[in-house]
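A.B. asks: Dumping the structure here so I can ask a few things about it.
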Amino acid sequence: MAVVIRMTARRPSLPSRRPSLSSRRSSLSRLLGRVRDRSPGLAGSLTAGALAAGLGLGSFAVLTIALWVSSPYPDSGPGGAMHIAAALWLLAHGVELLRTDTLSGVPAPVGVTPLLLLLLPALLVYRGARDAVDAPDGADAEAPPVRARTAWTGVVAGYLGVGGCVALYASGGELRPQWPSAVVCLPLLAAAAAAAGVWTAYGRPREPLLNLAPLLPGSVRRRLLGRDTRARWGTALRAALAGTAVCFGGGTLLLAVSLVAHGDATRASFLQLTEGWSGRGAVLFLCVSLIPNAAVWSASYAVGPGFTLGAGHLVTPLASDPAPLLPPFPLLAAVPQHGPGTAVHWLAGVVPVAAGVTMSRLVAARAARRSWPAGRTAGVAALAALLCGLLLAALAELAGGPLGVAALTRFGPAWWQTGAATCAWLLAVGVPAALGLRAWRGEGVASFAAWLGFARSRPGESRAAVKGREEEQGSQTSSASTSVSGSAAASARAPAPAPTSVVVAGVLPDPADGDASERYEALPAEPYEALPGSWEEEAARKARWTALRNLSEPTATEGTDGP
């Protein structure tokens with residue numbers, strides 16, 4: 001052993017680039033400190049995502065178990081009820097299901113997503129991501145918030161972890177998820193809702209949106225990121241949201257009117273579908289969750305394309321094809337009867353007209369405030385119509401889907417037809433209405449007010465010109481009054497001149513100088529040009545203010561007298 005030690009000690013040491021033990025310890029401590037500082041935020045985000053998924057799944061489980069307990073025919077047991085709850089939770093995310101217990105033995109797809117159920121997981125993920133940005137528990141009061149990327153990643157990962165387990169569990173029941181749909185819909189909803197929550201927690205900044213600008217072509221970037229372009233896009237987006245809300249509200253009103261008109265058939269179908277109170281409760285829950293879908297169907301009916309009740313059976317205001325043999329469902333009982341449309345059905349066209357007028361009012365109001373020309377106003381209105389058409393197309397795609405095979409492969413509106421028809425309606429109504437309201441706000445209101453005597457306007461002068469003229473007059477008045485008051489205040493603050501003080505001609509005479517009237521002149525000796533004939537002319541007002549300003553200021557000093 002001694003020889004080995006001696007030989008090792010005598011070996012020349014080679015230069016090594018490996019870090020020393022102290023440097024490795026310091027780098028390891030820094031790494032551990034960084035992980036310790038970041039791990040609470042990531043752990044809290046993972047917990048928030050998993051908790052959001054658990055709350056949503058628990059809500060569906062409680063409802064399903066309550067219906068199963070109250071049912072007089074609990075055939076499948078609690079395991080079947082939990083499988084149905086998991087399938088409903090996946091369906092609320094837009095995942096398409098397969099029903100295996102069919103009479104023919106062929107699995108039937110179920111792809112109609114209840115839009116009301118879609119709100120529950122979206123809101124839970126949104127709130128979880130918004131709360132995950134806050135500093136972890138136990139941190140200082142001045143601790144910085146969790147980084148946006150960390151919070152978003154943790155919430156999405158935690159939610160998808162629970163979602164994958166739920167999909168695996170539901171694949172063993174009678175309603176099984178289709179894996180391509182589950183792989184797309186679950187991450188899409190979780191990522192979008194979490195991004196919205198994190199963005200809201202940080203105060204809705206513009207920087208994340210502006211960071212995407214370098215990815216766009218130069219011409220598109222210049223058009224999208226101009227100084228006035230943000231105002232145009234903001235106005236168009238608000239107008240599009242307002243138009244979409246009017247279309248959705250109009251569709252809801254049409255649905256309510258149709259349900260009242262077909263009240264007997266709706267009531268009979270509700271009582272015929274099931275007998276027990278638990279079954280009727282389940283049907284009522286399903287009807288309520290599908291009301292937003294029916295409202296979108298009615299909005300598509302109002303704009304023209306309508307919706308389909310199975311392959312080849314179209315329902316529009318102009319005509320309705322005979323529907324196939326459908327189950328007695330309350331919402332389906334409110335569908336218009338087959339045959340050509342009447343004037344009552346054509347009244348549904350009031351909905352897109354109201355949406356176009358609402359959209360044009362918002363655009364015209366912003367155009368009047370920013371003094372946009374007619375071309376820019378028309379462009380903003382057209383952009384709002386395009387955005388509204390895209391929103392209605394997305395809602396139509398979510399509101400429809402298959403409910404079986406053969407004749408039941410398609411239920412609901414066609415998204416591209418609904419979007420195109422909505423855009424055409426709003427272009428035809430919204431653009432001319434926006435231009436007309438802009439002209440009325442610019443000249444019509446000012447002319448009417450001038451006719452009543454509340455404003456002074458000239459022929460062909462817009463409200464913006466009148467406002468600018470009044471502001472110019474006010475600025476001249478304020479400047480003149482300021483100069484007069486300033487000179488008066490300066491004279492009041494000045495001390496009384498002593499016999500040996502400096503005498504300025506035109507201000508105050510010196511008592512020691514005999515007759516001061518020879519040196520004092522109250523008005524300028526030279527005459528000025530006569531005023532114009534009309535007292536209200538612009539040139540006359542300017543001349544008067546110029547004369548007053550010249551008189552309020554001393555012209556020059558005459559001299560200085562010594563003691």
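Readers should treat all values here as calculations from the given coordinates under stated rules, not as data from a laboratory. For clarity, every value in this text was computed on a predicted model and none was experimentally measured. Reconstructed Cβ throughout: ideal geometry from the backbone, glycine too, with neighbour counts over all protein chains shown.
A.B. asks: What ranking of Tyr126, Tyr73 emerges when the number of other C-beta atoms within 10 Å of each C-beta is taken as an exposure proxy, fewest first? Let's see the in-between values first.
C.D. replies: Details: Tyr126 20, Tyr73 9.
In increasing order of surrounding Cβ atoms, one gets Tyr73, Tyr126.
A.B. asks: Let me know the charge dipole size of the range 228-449 about its Cα centre in debye, to the nearest 20, where only the beta-carbon of Lys, Arg (+1) and Asp, Glu (-1) is charged. Working shown, then result.
C.D. replies: Values: 13 positive and 6 negative charges, 202 e Å.
That gives the range 228-449 a dipole magnitude of about 980 debye.
A.B. asks: How do Ser320, Ser104 line up, fewest other C-beta atoms within 10 Å first? Walk me through the numbers before you get to the answer.
C.D. replies: Values: Ser320 21, Ser104 8.
Least to most surrounded, the residues fall as Ser104, Ser320.
A.B. asks: Further question: What is the distance, in nm, between label points placed 7 Å from the Cα along the Cα-to-Cβ direction at Cys165 and at Asn550?
C.D. replies: Label-label distance for Cys165 and Asn550, simple model: 9.2 nm.
A.B. asks: Further question: Using the Cα centre as the reference, give the magnitude of the dipole from point charges on the C-beta atoms of the range 38-205 (Lys, Arg: +1; Asp, Glu: -1; all else neutral), rounded to the nearest 20 debye. Present the calculation step by step, with values, prior to reporting the outcome.
C.D. replies: Details: 8 positive and 9 negative charges, 74 e Å.
Using Cβ point charges on Lys, Arg, Asp and Glu, the range 38-205 gives about 360 debye.
A.B. asks: May I have the convex hull volume per residue, in Å³, for the Cα set of the range 38-205? All intermediate terms of the calculation are to be shown ahead of the outcome.
C.D. replies: Numbers: hull volume 20.9 nm³, N = 168.
Each residue corresponds to 125 Å³ of Cα convex hull volume.
A.B. asks: Only Cα pairs under 8 Å and at least 6 apart count here; give the relative contact order of the range 38-205 as a rounded whole percent. Working shown, then result.
C.D. replies: Values: 267 pairs, mean separation 60.7, N = 168.
Normalised by residue count, the contact order of the range 38-205 is 36 percent.
A.B. asks: Using C-alpha positions alone, give me the convex hull volume of the range 343-422 per residue in cubic angstrom. Walk me through the numbers on the way to the answer.
C.D. replies: Working: hull volume 8.5 nm³, N = 80.
Measuring per residue, one finds 106 Å³ for the Cα hull of the range 343-422.
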